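J.: After the structure tokens below, expect a handful of questions from me.
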Amino acid sequence: MTLSTNQKRIFNAIDSNQPNSQWYNWQWQIKHCIKDLETFEKQLNIELDEEVREAFRRTVKKFPMSITPYYMSLINTDDIYNDPVFKQSFPSPQELITTDYDMTDPLHEDKDSPVEGITHRYPDRVLMLVSNVCSMYCRHCTRKRQVGSKDSIPDREQFEKGLAYIRGNTKVRDVLLSGGDPFLLPDETIDWLLTELRKIEHVEIVRIGTRTPVVLPYRITDELVEILKKHHPLWINTHFNHPRELTNSSRKALTRLADAGIPLGNQSVLLAGVNDCPRIMKALVQKLVYNRVRPYYLYQCDLSEGLSHFRTPVGKGIEILESLIGHTSGFCVPTYVIDAPGGGGKIPVMPNYLISWSTNKVVLRNYEGVITTYKEPDSYEPIFCDRNCEKCNLQLALEDADESKSVGISKLLADHNDTISLIPDTNDRHSRRDS
Ligand SMILES: *Cc1c(COP(=O)(O)O)cnc(C)c1O
């Protein structure tokens, strides 16, 4: 591979005495992350407006900047203020605007944390924050509260506390490594951590969330891939937000991971001014699938402090899904989710396809606007489920049965549970009854 004109200029401005091949060294990239305005301007060979400079200085006091030379080289300086890479990486004074609804930890990741570094929100899986370090500070980071505050790798002792929690909870069958970026850990630490997790019998799968294929694709080295391959079943989710981010370098990183048998997913965030457009999102998801990455989630931008300028109405996400479902391959379509403030978790949101129904017919509409009916069976003998699988004709092997108790709406629907309504703890009518 040869460097693009942009990359050559940046490289020479940083390190003209080194051979070009250093550009592809991920540690070199990290060492030369751009953190100040003067370097940013010099390397891109631009002069920003004075008010932008002034705003930069104010903003980085609260939310610092860090951009890898690689990611910065993707900025198109001809129209820099509208550039999607610039908007995701360069501080905006709008980050200093806080609204009444902004929160430092909207997802209650800290509150739902039984031990430091673990968030246990769902019954069968945990989030484990294994790194406080990122190469690029995404301006839309949901964990902005932590960015740059303690750029340190947790020590073995803290990892051990998290591992002990997982070992002690046999219900945890899925461990999600996130951060920070787990791939900023040294190879040996990744290998050790995955080995320790693999030793735990009830941990069926491990997932890694990383943005390195987008902002630091050279991190996906042959050596790293050899390590990852040893620890299957392993899944990776990455974070592309715009089709421009799928470059030759990032494609190569994705190819290496996919060739190693790792299923790849993508989590995008819906960002005003970056990707809040049905055509951009369609191009993105199709390019991802072409590169063997399955669009997994499209996140509504959450209520973390400093993100107000990135937020769109929920209707924008629904409009985007409307333009995807039916119009392109089913596995190009991500699930659009709102991560509920207060720790409620991810809630999927969709356009409505079920228009009406009667006792034996449903009325549906398709993506083209065709309204159609589906005739339901005249007789369907519901089988009363008392969770006694031995007496049931369906052949669930008992050892496969999930013994966890029913929760939420599925509890209301269950035959074997008498609950007829879900009532908030603080319901006035009920507290009057009690007293
Ligand atoms: C997103 C998330 C998960 C994983 O959720 P999936 O829907 O299984 O991808 C697990 N724990 C926490 C705290 C999360 O935020």
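The values are calculated or read from the model by the stated rules, or taken from the named source; none is laboratory data. None of the values given here were measured: they were computed from a predicted structure. Every residue, glycine among them, receives a Cβ derived from its backbone with ideal geometry; neighbour counts consider all protein chains shown. In case anyone asks, the SASA skips ligands and DNA or RNA and just uses the protein heavy atoms, side chains included. Shrake-Rupley method; radii C 1.70, N 1.55, O 1.52, S 1.80 Å.
J.: Would you mind listing the strands (runs of 3 or more DSSP E) fully within the stretch 216-305 where at least 3 residues are of a type in the set (A, V, I, L, M) and either buried (at least 17 other Cβ atoms within 10 Å of the Cβ) or in contact (Cβ under 8 Å) with a residue 60 or more places away in the chain (or both)?
T.: By residue number, 264-270.
J.: Residue 18 - would you say it is in a helix (DSSP H, G or I) and exposed (fewer than 14 other Cβ atoms within 10 Å of the Cβ)?
T.: No; evaluated as a whole, the condition is false for this residue.
J.: While we're looking at this one, here's another question. Across the stretch 118-142, which residue is nearest to residue 304 (Cα to Cα) among those that are crowded, with 20+ Cβ neighbours inside 10 Å and of a type outside the set (A, V, I, L, M, F, W, C)?
T.: 140
J.: Hey, another quick one. Take the stretch 21-50 and flag every residue that is open to solvent by 30 Å² or more (accessible area, probe 1.4 Å), under 13 Å from residue 69 (Cα atoms) and not in a loop (DSSP other than H, G, I, E, B).
T.: Hits for the stretch 21-50 are 22, 24, 26, 27, 30, 31, 39, 42.
J.: Any residue that is outside the structural domain of residue 308 (by TED's automatic domain parsing), more than 14 Å from the ligand (Cβ to nearest atom) and closer than 30 Å to residue 245 by Cα - is there at least one of those in the stretch 109-125?
T.: The answer is no; no qualifying residue exists.
J.: Cβ-Cβ below 9 Å, separation at least six or inter-chain, first residue in the stretch 128-144 and at negative phi and in the same structural domain as residue 183 (by TED's automatic domain parsing), second open to solvent by 30 Å² or more (accessible area, probe 1.4 Å) and acidic (Asp, Glu): which pairs?
T.: Going by the 9 Å Cβ cut-off, the qualifying pairs are 129/116; 132/151; 133/151; 134/151; 144/305.
J.: Of all residues being part of a helix (DSSP H, G or I) and of a type in the set (A, V, I, L, M, F, W, C) in the stretch 51-70, which is farthest from residue 250 (Cα to Cα)? Just the residue, please.
T.: In this case the residue turns out to be 55.
J.: Right, here's the next one. Which condition breaks for residue 188 when tested against (1) within 16 Å of the ligand (Cβ to nearest atom); (2) among the acidic types (Asp, Glu); (3) assigned to a helix (DSSP H, G or I)?
T.: (1)
J.: Right, next: Any chance the stretch 330-337 includes a residue that's assigned to a strand (DSSP E or B), within 16 Å of the ligand (Cβ to nearest atom) and either crowded, with 16+ Cβ neighbours inside 10 Å or at pLDDT below 95 (or both)?
T.: Yes, the stretch 330-337 has at least one match.
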